[in-house]
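Trainee: Dumping the structure here so I can ask a few things about it.
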Amino acid sequence: MTPEGAALLLQGGLELGLDLRPHLPAFAELQVALLEGNAQMNLTALTAESDIILKHFIDSLTCYLGGWLGETIQPSVRLLDLGSGAGFPALPLAIVYPQLQILAVDATRKKTEYIARTAARLQLGQVQVLAGRAESLGRDPAHREQYQRVVTRAVATLPVLAELCLPLLETDGLLIAQKGQLTPEEQDAGHRAAAELGGELFHVKHFELPITGDPRSLVVMRKLRPTPARYPRREGVPGKQPLF
Ligand code: SAH
């Protein structure tokens, strides 16, 4: 990481209320790992240093805004990152919040293997990975209704996310979805899907990504009661035939 990159990371962190100075070496290592991994497989289209730092690292950390992850900073709390890809937001969260127990899930095994290798390289022992699809996990008693928090970034529209993620949450658990700009139509469809799946969409926070000013939204859904047994539908159906 160049001195300019380090300055961007620190400035972005400050704007989120985070002192990232102690974590500079870990983020520098994560940047190297991401670029090395990207040479072997398609992990990210963003390769400029400023993009990696702001649009991956800082953006991932914005899921903490609003304090919805608050009580998860306890070893007993189980947090799942659905569709983690190259480890976002899982790995930046794990760097800044070492107490967080994180399961990073992705449908692509090569990506979960990359995340596992990178977590080991950064000595983030609290990160575990699982290669699989949310639809199958949501029907597996080992994972259904087992998590207090699900985070997800750039994976699907809100009604699809509700079907993929709410089954995994225990009652009172929260889904924190990181989105770009959100249309009123998507928000409305998310409301209806959440209700159908035993939850409620109760909070949307609109904000700007530090420094770039890009529009972002954080959507929070709460699980109110067990999800009906017919959900999630089989693999691929939630995306192809969204509930709303
Ligand atoms: N969260 C990362 C990756 C986003 S790309 C980031 O913000 O950079 C979306 C990822 O979700 C892909 O890696 C894809 O494999 C995964 N994905 C999509 N649908 C999925 C599903 N139903 N179950 C598990 N992973 C899924």
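Trainee: Which of LEU103, LEU218, GLY180 sits closest to the plus end of the dipole of region 62-240, meaning its Cα is farthest towards the positive end, when Lys and Arg get +1 and Asp and Glu get -1 on the C-beta?
Mentor: Going by the charge dipole, the pick is LEU103.
Trainee: Okay, moving on. Antiparallel as a % of all DSSP beta bridges within region 62-240, to the nearest 5?
Mentor: Details: 15 of 34 bridges.
Of those bridges, close to 45 percent are antiparallel.
Trainee: Between ARG117 and THR2, what is the spin-label point distance in nm, taking each point 7 Å from the Cα along the Cα→C-beta axis?
Mentor: Label-label distance for ARG117 and THR2, simple model: 2.7 nm.
Trainee: Does region 1-134 classify as rounded, prolate or oblate by the C-alpha gyration tensor (a ≥ b ≥ c root eigenvalues; a/c under 1.5 gives rounded; else a/b over b/c gives prolate, otherwise oblate)?
Mentor: Judged from the Cα gyration tensor, region 1-134 comes out oblate (a/c at least 1.5, b/c at or above a/b).
Trainee: Using a 1.4 angstrom probe, figure out how much accessible area the chain has per residue, in square angstrom, rounded to the nearest whole. Could the numbers behind the result be given before it?
Mentor: Numbers: 10370 Å² over 244 residues.
Result: 42 Å² of accessible area for each residue.
Trainee: I want to check the label-to-label distance for ALA39 and VAL204. Put each point 7 Å from Cα in the C-beta direction and report it in nm to one decimal.
Mentor: 4.3
Trainee: On to the next question. Could you tell me how far the Cα centroid of region 1-71 sits from the Cα centroid of region 194-210, in Å?
Mentor: If you average the Cα positions of each part, the centres end up 24 Å apart.
Trainee: Among residues other than GLY87 whose Cβ falls under 15 Å from its Cβ, what is the net charge (Lys/Arg +1, Asp/Glu -1)?
Mentor: Values: positive: LYS55, ARG109, LYS110, LYS111, ARG117, ARG121, ARG153; negative: GLU29, GLU36, ASP59, ASP81, ASP106, GLU113.
Net charge around GLY87: +1.
Trainee: GNM, the chain, Cα, under 10 Å: largest mean-square fluctuation among PRO210, PRO159, PRO25?
Mentor: PRO25
Trainee: Which pairs, out of LYS110/LYS223; LYS55/LYS205; LYS179/LYS240; LYS110/LYS179; LYS55/LYS111, put more than 27 Å between their alpha-carbon atoms?
Mentor: Beyond 27 Å: LYS110/LYS223.
Trainee: Express in nm, to one decimal, how much length is gained between ARG139 and LYS240 on full extension, taking 0.36 nm for each residue of separation and deducting their alpha carbon distance.
Mentor: That pair, ARG139 and LYS240, stretches by 34.5 nm at full extension.
Trainee: Still on this structure, please answer the following. Where does the charge balance sit around LEU174 when Lys and Arg score +1, Asp and Glu -1, over other residues with C-beta under 9 Å from its C-beta?
Mentor: Working: positive: ARG149, ARG222, LYS223; negative: ASP172.
The answer is +2.
Trainee: For region 62-240, what are the per-bin percents of Cα-Cα distances with bins 5 Å wide, up to the bin holding the maximum?
Mentor: Result returned by the calculation: 1, 9, 18, 22, 22, 16, 9, 2, 0.
Trainee: Which order do peptides 214-224, 52-62 fall in by mean Cβ count within 10 Å, highest first? The partial results should precede the final answer.
Mentor: Working: 214-224: 19.4, 52-62: 23.2.
With the highest mean Cβ count within 10 Å placed first, the list reads 52-62, 214-224.
Trainee: When only C-alpha pairs under 8 Å and at least 6 residues apart count, what is the relative contact order of region 106-244, in percent?
Mentor: 24
The values are calculated or read from the model by the stated rules, or taken from the named source; none is laboratory data. This is a predicted model, so every value here is computed, not measured. Note that each Cβ is placed from the backbone with ideal geometry, even for glycine, and that neighbours are counted across all protein chains shown. Accessible surface areas use protein heavy atoms only, side chains included; no ligands, DNA or RNA. Shrake-Rupley method; radii C 1.70, N 1.55, O 1.52, S 1.80 Å.
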